[in-house]
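K.L.:
My questions will all concern the structure given below.
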Amino acid sequence: MENICNRILYTGQQYDQITNQSKSEGGRGRLGTEATRAQNAQIGDYLEEQGYKVTGGGRGPEEYLPEPSGSNKGSNYLDVTATKDGNIVRINTVDVYADGKKPTTREQNAANSINSKTGGSIILIPKGAGLGDLSNILNN
């Protein structure tokens, strides 16, 4: 299958920084806070409404990308993976700096790692930004 995009895409939508707030909320873990889980489910629902088949994440198990060496360190999980017409869309909701747009260094490094493993691109949506600019990204 072919990736729908050929570079890391940012939704570019401004929002209030919630990273510190998220750390104090209960239920964080690998899948994130309840708010992050709800956002990922919203993204999955939106993709299904647009005719995509969600193959990982959203409300189900996330796509797992192992480190080539087999180590757990350096492995990645995708928040939402979906396919349509032979194209793969991979999306992560990410923590961003105070500007509301730029992913934190940890999130950017994870995005770079995912791209190196998939040969494609990942769409990054700031946590707390809902769908961000996803409809415009998918329609371009």
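K.L.:
Over region 30-76, what is the mean sequence separation of C-alpha contacts under 8 Å (at least six apart), divided by residue count, expressed as relative contact order in percent? Could you put the intermediate results ahead of the total?
P.N.:
Working: 35 pairs, mean separation 11.5, N = 47.
Answer for region 30-76 is 24 percent.
K.L.:
Using all C-alpha to C-alpha distances in region 80-120, build P(r) with 10 Å bins and read off the rounded percent in each one.
P.N.:
All Cα pairs, binned at 10 Å, distribute as 27, 46, 24, 4 percent.
K.L.:
List the residues, sorted by chain then number, that are 5 or more residues from ILE125 or on another chain and whose placed amide H is less than 5 Å from its amide H.
P.N.:
Here the answer is ASN92, THR93, VAL94, since their amide H atoms fall under 5 Å of that of ILE125.
K.L.:
With charges only on Cβ, +1 for K and R and -1 for D and E, what is the dipole size of region 43-83 about its Cα centre, in debye, rounded to 20? Provide the component values of the computation, followed by the final result.
P.N.:
Working: 3 positive and 7 negative charges, 30 e Å.
Its charge dipole is roughly 140 debye.
Read-outs: derived from the displayed coordinates by stated rules, not from any lab. Please read all numbers here as calculations on a predicted model, not as lab measurements. Virtual Cβ from ideal backbone geometry, glycine too; neighbours counted across all protein chains shown.
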